[in-house]
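The values are calculated or read from the model by the stated rules, or taken from the named source; none is laboratory data. Nothing here was measured: the structure is a model prediction, and the numbers come from that model. Ideal geometry is used to build each Cβ from the backbone, glycine not excepted, and the neighbour counts take in all protein chains shown.
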Ligand SMILES: [Zn+2]
């Protein structure tokens, strides 16, 4: 594609894209190019407007090349997002089966997991299997106290 600045016989200037120079010549000969302002098909190529010095006021008129803009950090690590999307089906199924096992055999304690795990560990509560959610901080504390627990990605059912 090539951009030509054209001018009709009445002096209207306009820009138009052409596949190449030959296409322009052919269309020009057949009067296929019309001025958008007056409809005249008598057009000639006008010299392209020079780019330098066109911007007024900014940067003292000097054509300074702008530094390449730094890409802002995305909210979600694209690598992680891609990894989640690319999670193999077998892995999803394994995780879902694990989730089913957990739900079938363990007692749900929800967000009180850390509290309950601690109680069980220190004998304040019956020894039993439980499952629930913890924050990363809680999980770290449990690990520091030597409380055994496992973590698994709680992936949603279905899609
Ligand atoms: Zn015109």
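One residue stands out among those in region 37-55 that are away from the ligand (no atom under 16 Å from the Cβ) and closer than 15 Å to residue 16 by Cα: the one that is modelled with the lowest pLDDT, which is 49. Annotation note: of 34, 21, 11, the sole residue that is exposed (fewer than 14 other Cβ atoms within 10 Å of the Cβ) and either touching a residue at least 24 places away in the same chain (Cβ under 8 Å) or over 39 Å from the mean Cα position of the chain (by Cα) (or both) is 11.
Reported count of residues in region 85-100, each being surrounded by 12 or more Cβ atoms within 10 Å (Cβ to Cβ) and closer than 15 Å to residue 132 by Cα, is 2.
In region 104-117, which residues are within 14 Å of residue 150 (Cα to Cα) and assigned to a helix (DSSP H, G or I)? 113, 114, 117 - these are the residues of region 104-117 that are within 14 Å of residue 150 (Cα to Cα) and assigned to a helix (DSSP H, G or I). Counting only residues that are over 12 Å from residue 41 (Cα atoms) and not in a strand (DSSP E or B), which one in region 12-31 is nearest to the ligand (Cβ to nearest atom)? If we take residues in region 12-31 being over 12 Å from residue 41 (Cα atoms) and not in a strand (DSSP E or B), then 24 is nearest to the ligand (Cβ to nearest atom).
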